[in-house]
Amino acid sequence: MKLLAKTNRIYLAFSLAIYLFAGLAFYQVVRILIYREVESRLRVERLDFEAYIRAHKSWSDSTYFIENKVDVVPVGHRPLLPETFIDTLIRNRYDDELMPFRQLTFYTTIQGVTNRVSIRKSLIQSYQLIEVITATMATCLGLLLLGTFWFQGKLSGRLWHPFYESLSRIKRFNLASATPLQLDKPEINEFRELNEVLRKMGDKMQQDYRSLKEFTENASHEIQTPLALINAKVEQLIQSEKLTESQGRWIEDIYQASRRMARLNQGLLLLAKIENHQFTENQTVDLTALLAEKLTDMDEVLLHKQITVQIPSRVPFEVQLPPSLADSLVMNLVNNAIKHNHAEGRVELASDGQSLWLGNTGNALVSNPERLFERFKKEGSSPDSVGLGLAIIREICDTYGLQVRYEEQKGWHRFCISRRLEAA
Amino acid sequence: MKVLVVEDEKGLAESITDYMNKEGYICETAGTFREADERIYLYDYDCVIVDLTLPDGDGFQLIQTLKKLLATTGVIIISARNALEDKIRGLEIGSDDYLTKPFHLSELNARVKSLIRRRNFGGQTEIRYHEIRVLPASRKVYINDQLTVISRKEYDLLLYFLSNIDVVLTKVSIAEHLWGDNIDSADSLDMVYSHIKNLRRKLLEKGGSDYVRSVYGIGYKFGEP
C-alpha cells in the first residue's frame, strides 16, 4: 500500500470516529439543555398550579383548554411521593398521532384529598430543534471532513513529492554506470538529510564496485603475466637440442601445469565477474539454436570420439543473457557432454520452449550428484579439467533467472535448464 | 622487418624478442609507455606488439598515437585482460589482432607473419618452402607444382608449421591454434596427432619430403629432415 493511501485511510477512520463521537456528545448536550429548560418551566407551572389551588381551593380542567396539559387524579390517602419527571407519548386528539411529552408528576392535597397531579409539556418543538441542529451539524462536519481530507491529500502529496522523486531516481540508479546518483536538495530538512545520506552511500557503493572490478582485472593481469612468462620460457627451452628424454617430460609437465593454472585463473575470474554482475547487456538468446550451432562446431571432436548427435526437436528456448555468457554456458555444457561421454556414445538435445535438455551417454556417476555443481568437483581425475565448468553453468543460471538440474537415468546424464518460476 | 615489443615484463619481452630475432626480424623493446611513445615517434615499424597495461600509461593511447603517425603499421595487442570490451575497443581504434596472455610464442609469431603478409602484399603472395607452395589468398597448396587437396584444418596446420620453421611447436599450441583455447585438451591432442598423420601422408603421396618430427613427446617440429 502506498504511504499516502495508508495515511489517508488512517486519517479518514480516525476523523470519522472523532466526528461520530462529537456528534453524539453534541446531541446529548443539546438534549440535556432542552430537558433542563422544559423541566424548569414545568416547575414554574407547578408553582402556578399551587398558587391557583391556594386561591380557588379547587381545580377544574376547563381552566386549561389545552388537551392533557394538567391531569389531576385523586388517589385517596397515600403518603406524598417526591416529584418525578418522565418522558411519555400521548395520542393527539385530531390526527391520532403519538406526540412526545415531558411530564412532571407530583402529589398534592386539595381539600384534604391527595391528588396525583401530572403537568405535561410537548417536546415536539424541542425534538424538531434537535433534529435541525443535528442535521446542520452533520452537514458542517461532513463538509469539514471532506475538505480536510482533500486538503490533507494535496498537502501530503506536495510534502512527500521530494521523497517520491528520490525514490524513482534511486530505482533508476545503475551501480555499473559511471554517472553518480543525483538527488535534489529539497527544502525539508529530513528529506535533504536523507538525500545527502543516500548520495554518499551511492558514491561509496560505486567506488567499492569500481575497486572490486579493478581488483579482479588487476588480479587477472598479475597472475596471467607470470604465467605468460613461464609459457614463453618453456617454449624457448624446448627449442634447445640438448634435452634428454626425461628433461623433455619434466618440461612437458611444467608446461601442462602452467596451462592448467591459466585456465583455472580464467575460470575463477569469470565466476567473480558473473557474481559481481559485470556483464550487463542482456540480449534475447535462443539457447536451442546456440547449442545446436556449438554441437556443429564441435563435429570434429564428435567424429573423433564417434559420438552421434540427435536433435529431435528444435523448439526455441529464449532467455535473457549477455552474449558472452550465453556462449560460455553453451560451451561448458557441450564440453561436459563430450568429455564425460564414452566412445561411440550419443548426445541428445531437446527443448519444449519452457526448458531445455542436453543429455549424454556415459559411465555411472561416482561422486555425489548433489555436489556436482560445486567448484573444483571433478568426476574422475582428468588432469585437463579444472572442475569449474559446471560451477560456471550454475553461476550463470543463478544470476540470470534460470535453473539447472542434473538427472541420471539408464546410463543417460541429462542437464535440464528451465526458467526459475519466480523470475517468470 | 622491424618489430617493436611494448611489454613491461622484462622476461616476456626478452622471450618475444629472441623468438622474433630467430625469425629474422629486427626486434626492439620498450618497457614503459614513455619509452614506447618516444620510439614510435623516432622510428617506423612494420609491426608493434603492445601490452595494454603499462606501468605509466594505457596501451590504447599508444595505439591511437601510432595510427595517427603511420597507419600502415600492424598492431597486435597482448593483454591479460580477456574482456570482450577490450577486444572490441582494440579493433575499433585500429589494432589488427588481440592475444590473451598467456599465449604461445609460436602463435604470436604466426599472427605477426600473417599480419605482415596481409599488410605488405594485400594477401597476394605465396609461401614457399622447398617443394611446398601455398597460396593464402585462394587457400591452395601445391607440392612439386601438383595441386594437393587437403582439409581446412590440415591447411591451417600446414600454414602454422610454415610460419614456425625449425621451431618446436607444443601439441597444446597446435590444438589451440586449430580450435581456439576453449577446446577440451585431452581429445584435441589426439586430434592433433591424427591431423599431423594425415598431412604427412598427403605430403609424402605427392612426393614431398617428411618434414615433421616429433620432439620429446611434447610437440612437433617442421624443418629439414
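The values are calculated or read from the model by the stated rules, or taken from the named source; none is laboratory data. Just so you know, these numbers come straight off a predicted model, no measurement behind them. Every residue, glycine as well, gets a Cβ built from its backbone with ideal geometry; the counts of neighbours run over all protein chains shown. Ligands, DNA and RNA are excluded from the accessible area calculation, which covers all protein heavy atoms including side chains. Shrake-Rupley method; radii C 1.70, N 1.55, O 1.52, S 1.80 Å.
Couple of notes before you dig in:
- Dipole magnitude of the protein assembly as shown, debye to nearest 20 (Cβ charges: Lys/Arg +1, Asp/Glu -1, about Cα centre): 2220 debye
- When a 1.4 Å probe is rolled over the protein heavy atoms, the share of accessible surface on segment B:49-156 that falls to carbon and sulfur comes to 50 percent.
- What a 1.4 Å probe finds exposed on chain A is 58% carbon and sulfur by accessible area, rounded to a whole percent.
- A simple count of charges around B:Asp190, restricted to other residues whose Cβ falls under 10 Å of its Cβ and scoring Lys, Arg +1 and Asp, Glu -1, yields +1.
- Ratio of the Cα radius of gyration of segment B:82-211 to 2.2 N^0.38 Å, where N counts its residues: 1.13
- Signed unit charges on C-beta, dipole axis of segment A:252-313, positive-most listed residue A:Pro312, A:Ala262, A:Leu287: A:Ala262
- Computed P(r) (all Cα pairs; the protein assembly as shown; 20 Å bins; percent): 13, 31, 19, 9, 9, 9, 7, 2, 0
- Packing order of peptides A:101-109, B:173-181, A:246-254, highest average first: B:173-181, A:101-109, A:246-254 (average count of other Cβ atoms within 10 Å over each peptide's residues).
- At full extension, B:Asp44 and B:Tyr193 could sit 49.5 nm farther apart than now, given 0.36 nm per residue minus the alpha carbon distance.
- For the chain pair A and B, buried accessible area totals roughly 3700 Å², probe 1.4 Å, rounded to the nearest 100.
- Net charge contributed by nearby residues that have their C-beta within less than 9 Å of A:Leu402 (K/R +1, D/E -1): +1
- Rounded accessible area per residue of segment A:3-144, 1.4 Å, Å²: 66 Å²
- Bridge type composition, segment B:2-121 - antiparallel percent by DSSP, nearest 5: 10 percent
- At least 30 Å along the helix axis (C-alpha) and Kyte average at least 0.0, DSSP helices within chain A: A:3-56, A:124-172
- Pairwise Lys count, segment A:189-274 - Cα closer than 29 Å, eight or more residues apart or different chains: 6
- Among the lysines of segment A:276-424, pairs that are 8 or more positions apart or on different chains and have alpha carbons within less than 18 Å of each other number 5.
- Shielding of peptide B:96-103 by partners, expressed as the average count of other chain Cβ atoms within 10 Å per residue Cβ, is 5.
- Residues of segment B:2-121: accessible area per residue with a 1.4 Å probe, Å²: 42 Å²
- Degrees separating the helix B:185-205 axis from the principal Cα axis of chain B, which is the longest one: 60 degrees
- Residue-wise HN-Hα coupling along segment B:98-108, computed from phi with Karplus coefficients 6.51, -1.76, 1.60 (Hz; x: Gly, Pro): 9, 10, 8, 6, x, 10, 8, 4, 5, 5, 4
- Under the criterion of Cα pairs below 8 Å and six or more residues apart, the relative contact order for segment B:2-121 equals 23 percent.
- Positions from segment A:253-274 whose accessible area shrinks by 50 Å² or more when the full protein complex is built, not the chain alone, probe 1.4 Å: A:Tyr255, A:Arg259, A:Arg263
- Modelled FRET efficiency - R0 60 Å, B:Ile26 with A:Arg158, Cβ distances, 0.05 increments: 0.20
- Per residue, the accessible area of segment B:127-222 comes to 40 Å² when a 1.4 Å probe rolls over the protein heavy atoms.
- Compactness of segment B:30-134 - radius of gyration and Dmax, Cα, Å: 14.7, 49
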